[in-house]
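The values are calculated or read from the model by the stated rules, or taken from the named source; none is laboratory data. No experiment lies behind these values; they were computed from the predicted model shown. With ideal geometry, Cβ positions are generated from the backbone for all residues, glycine too; neighbour counts draw on all protein chains shown.
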């Protein structure tokens with residue numbers, strides 16, 4: 001079973017206590033110790049971003065496509081504003097729709113007190129922001145479902161050498177398989193088993209969620225089992241001396257000692273899941289950011305490239321945000337801050 005490395009870096013104890021904003025407290029600590037570190041922590045990233053935007057803008061002016069010039073930063077920003085305005089307009093239409101419906105129902109109830117009002121759902125088009133929410137719900141549903149399966153399985157595999165010997169070949173066979181290879185199989189199985197005249201969850205959502213779950217399983221199982229099997233022998237001796245029951249042993253010894261490796265697997269899984277979801281939505285035409293990108297590509301309007309670039313940037317920002325969120329959760333739950341990877 002392959003191991004996963006954890007980069008250990010010391011964390012300043014005062015930094016973690018001084019401010020509710022660790023980023024700001026970290027910057028102030030660096031500035032107090034060495035102004036050069038502040039330059040590297042703040043100014044260099046800003047310089048890098050500005051240089052990237054300048055290169056992008058210059059290159060865009062020299063790239064001609066079948067839909068016109070490649071969009072530069074200014075055009076992309078303009079389309080982001082346009083997409084946001086479309087979302088506001090669509091929400092206003094939805095509010096007006098429900099207001100008209102309430103007035104009609106109130107009028108009918110006034111005429112006929114026995115009338116039972118019927119509320120119809122608004123069926124307007126999904127906006128760009130709606131599809132962002134859809135993708136986030138899908139990826140988090142698949143990720144959490146995978147965690148509920150993979151972490152207990154990884155703990156069991158790490159504690160039991162016999163189970164490890166039985167499960168390891170299966171993991172090693174399916175681990176290299178591209179998650180998108182599962183998509184056709186998942187689609188066929190869901191279509192065959194999930195038959196309902198009024199389904200609570202759309203089949204397209206289930207297809208994407210299960211595909212995400214499958215791609216999250218293996219990194220979590222592997223890292224959890226490695227974290228459990230590589231525990232310090234002193235911790236195991238403490239558990240034996242205290243004669244802890246199996247459940248208490250896992251709760252008080254195994255889980256705290258394995259948190260860094262478990263979260264390494266979870267962070268890897270979430271990053272891969274976000275990438276896989278976008279591709280799965282494009283292939284399966286499931287609602288979400290992937291479908292938005294594909295629809296804009298097929299649309300072929302003069303604004304399509306700029307809107308695709310908006311989606312690309314948003315996908316990257318969300319992926320970075322998900323990773324940073326997992327890192328902060330790991331720092332919060334881990335007892336040994338020095339083993340938290342960056």
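Could you say whether any residue in the range 92-110 is surrounded by 15 or more Cβ atoms within 10 Å (Cβ to Cβ), more than 25 Å from the chain's Cα centre (by Cα) and free of Cβ contacts under 8 Å to residues at least 24 places away in the same chain?
Looking for residues that are surrounded by 15 or more Cβ atoms within 10 Å (Cβ to Cβ), more than 25 Å from the chain's Cα centre (by Cα) and free of Cβ contacts under 8 Å to residues at least 24 places away in the same chain, one finds at least one in the range 92-110, hence yes.
Name the single residue that is surrounded by the most Cβ atoms within 10 Å (Cβ to Cβ) among those in the range 256-275 being touching a helix residue (DSSP H, G or I) at 6+ places or on another chain (Cβ under 8 Å) and more than 14 Å from residue 220 (Cβ to Cβ).
274
Assess whether residue 66 counts as being surrounded by fewer than 10 Cβ atoms within 10 Å (Cβ to Cβ) and modelled with pLDDT of 65 or more.
yes
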